[in-house]
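Remarks on the structure that follows.
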2 protein chains.
Amino acid sequence: MTNPYRPAAEFRAQLRRFLRRSEEIARRIGITPRQYALLLQIAASEDGSSTVTQLVEQLQLTQSAVTELVQRAEHAGLVCRRASSTDGRVVHLSLSETGAARVAEMHAALGPERAQLRRIMEALTDD
Amino acid sequence: MTNPYRPAAEFRAQLRRFLRRSEEIARRIGITPRQYALLLQIAASEDGSSTVTQLVEQLQLTQSAVTELVQRAEHAGLVCRRASSTDGRVVHLSLSETGAARVAEMHAALGPERAQLRRIMEALTDD
């Protein structure tokens, strides 16, 4: 009988390798893994800008964790803030030129890793 | 033009949701997410037992982190240790009855989450 835990175990092991590799690349580029997560979500947003509320859901972090992450990223020159023209309490976050360059570099470097992870996952059968 | 960052961003967001959900289920079952990772790798192993060396690679943790994780899991009655019959320095780790029950429960509870993650990932096209 085939071991029923094999696909899930292999999936987790591959996921951890992917996340670890991703961490290494982020450090090499000079950003933290969380900063990459932040920059990527902003880069992928509809009009190139995100609100803290959107990022809370996408990053699965608390409001205060996102706020702190954004402050540090702003301080590092990676993101820009501007108040909403329709609601002054809402802040729109967009990428600075440096932030856009970092996310492009990281996204390109991770391309082969994503492709490999997808190939492995597609080959796994599960319940 | 399609936003080139959308697939990677969506993939990360789904991954974080999966890991978060997985954490919630582990806590409900009364184990830590890392204990689940440990139990799952042992459960999936060839003959139902693993060595620390194997777990270091599978869990992407240091030798000392795995050793501590194993000690706590043994203390919690989840895993059993026995010395190798051929090399006394090597320890074989297997699941206790409780450990086997916890991993079965967790694996079953996560089935729909794994299936959803796989469906979403297969629908994403990337470079």
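Modelled spin labels at A:Gln116 and B:Arg28, positioned 7 Å past Cα toward Cβ, are 3.5 nm from each other. If only the Cβ of Lys and Arg carry +1 and only the Cβ of Asp and Glu carry -1, the dipole of the protein assembly as shown around its Cα centre is close to 380 debye.
Its Kirkwood hydrodynamic radius, worked out from the mean inverse distance over all distinct Cα pairs, puts the stretch A:2-46 at 12.3 Å. Seen from B:Thr98, the other residues with C-beta closer than 12 Å to its C-beta sum to a net charge of -2, counting Lys and Arg as +1 and Asp and Glu as -1. At R0 = 22 Å, how high is the FRET efficiency between A:Glu97 and B:Asn3 if r is their beta carbon distance? Nearest 0.05 is fine. E(calc), rounded to 0.05, equals 0.75.
Between the alpha-carbon centers of the stretch B:83-127 and the stretch A:52-88, tell me the distance in whole angstrom. Rounded to whole Å, the Cα centres lie 35 Å apart. What the Cβ-Cβ distance of A:Ser84 and A:Glu57 gives, at R0 = 25 Å and to the nearest 0.05, is a FRET efficiency of 0.90. Equivalent ellipsoid of the protein assembly as shown: semi-axes from √(5λ) of the C-alpha gyration tensor, largest first, are 38, 18, 18 Å. Per residue of A:2-15, other chain Cβ atoms within 10 Å of the residue Cβ number 6 on average.
Once the Cα atoms are used to define both axes, helix A:97-109 deviates from the longest principal axis of chain A by about 10 degrees.
When only Cα pairs below 8 angstrom with a gap of at least 6 residues are kept, chain A shows a relative contact order of 31 percent. Think of each Lys and Arg Cβ as +1 and each Asp and Glu Cβ as -1; about the Cα centre, that makes the dipole of the stretch B:1-117 roughly 500 debye.
Over chain B, what portion of Cα pair distances is larger than 22 Å, expressed as a whole percent? In whole percent, the share of Cα-Cα pairs in chain B beyond 22 Å is 45. Angle between the Cα long axis of helix A:111-123 and the longest principal axis of chain A, 0 to 90 degrees, nearest 10? Value to nearest ten degrees: 40.
Values in this text are rule-based calculations from the coordinates and carry no lab data. What you see is a predicted model; the values in this text were computed from it and never measured. Quick reminder, even Gly has a Cβ in these numbers, built from the backbone with ideal geometry, and neighbours come from all protein chains shown.
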